[in-house]
Amino acid sequence: MSNETQRRGRSVTLGPVGETVMRNITYHRTLRKLSIAALADLVTRQGHRLTRQALSEVELGNRRVDVDDLVALARALDISPATLLMPLTRDHDDTVEVIGDASAPAEVVWSWLTAEVPLDYRPGYGHTPEGEADINEFRRDSHPSWSRSNHSEAG
């Protein structure tokens, strides 16, 4: 499902990740009892200019969030950027649409976003020699070099 809106003659189309980020910004802002103005001001005070109008357009789906916005909003909301990318689900095994034809259980998507397992991981796979090797390779490629020694075993 995508959200398409018209803005100043331009069409803004959000894919599943864009819609997730839009919903999560609103959710976490509301959870902290922050107004749009208060969150925009906080983001700006922390060094990333984000107007109230721009944040309002983000929450309405009329403006995309770029990577700098994502990190600045996560910082202001005191959450990980991965939290803004993760769809809200009830259960760990709820299916989550990621992008295109990629979907997976929520716990796998979270583990992928946090660089623990590949997106195509399935429970039990890490307990096979091939699965363990794939997970270790994924972690080696995904983690900063200074942290790799902390993730040498597959889960």
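The values are calculated or read from the model by the stated rules, or taken from the named source; none is laboratory data. Predicted model, so just to flag it, every value in this text is computed and none were measured. Cβ sites come from the backbone with ideal geometry, for glycine too, and all protein chains shown count toward neighbours.
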* Structure fact -> Reported set for region 30-55 where residues are of a type outside the set (A, V, I, L, M, F, W, C), within 20 Å of the chain's Cα centre (by Cα) and within 13 Å of L73 (Cβ to Cβ) is R32, H48
* Scanning region 94-121 for residues that are without any contact (Cβ under 8 Å) to a residue 40 or more places away in the chain and loosely packed, with under 12 Cβ neighbours inside 10 Å, which turns out farthest from I79 (Cα to Cα)? -> D101
* Name the pairs whose Cβ atoms lie under 6 Å apart, with the first residue in region 126-138 and in the same structural domain as A115 (by TED's automatic domain parsing), the second modelled with pLDDT of 90 or more and part of a helix (DSSP H, G or I), and 6 or more positions between them or separate chains? -> G126/E132; G126/I135
* **Residue among H48, H28 that alone is modelled with pLDDT of 95 or more and in a loop (DSSP other than H, G, I, E, B)** => H48
* When you go through D41, D68 one by one, which is the residue that is modelled with pLDDT of 95 or more, closer than 21 Å to A115 by Cα and of a type outside the set (A, V, I, L, M, F, W, C)? -> D68
* Structure fact -> How many residues of region 33-80 are exposed (fewer than 14 other Cβ atoms within 10 Å of the Cβ) and among the charged types (D, E, K, R)? The answer is 6
* Asked: Where residues in region 81-93 are closer than 17 Å to P16 by Cα and out of contact with any helix residue (DSSP H, G or I) (no Cβ under 6 Å at 6 or more places or on another chain), which of them is surrounded by the fewest Cβ atoms within 10 Å (Cβ to Cβ)?
  -> L88
* **Matching option when the condition is assigned by TED's automatic domain parsing to the domain that holds A38, within 23 Å of S142 (Cα to Cα) and among the hydroxyl-bearing types (S, T, Y), among S80, S103, S111** => S80
* To do: Could you identify the single residue in D141, D68, D134 that is under 28 Å from L14 (Cα atoms) and not hydrophobic (A, V, I, L, M, F, W, C)?
  => D68
* Residues located in region 62-89, provided they are within 28 Å of S111 (Cβ to Cβ), out of contact with any Phe, Trp or Tyr (no Cβ under 7 Å at 6 or more places or on another chain) and either part of a loop (DSSP other than H, G, I, E, B) or polar (S, T, N, Q) (or both) -> R64, V65, D66, D78, I79, S80, T83, P87, T89
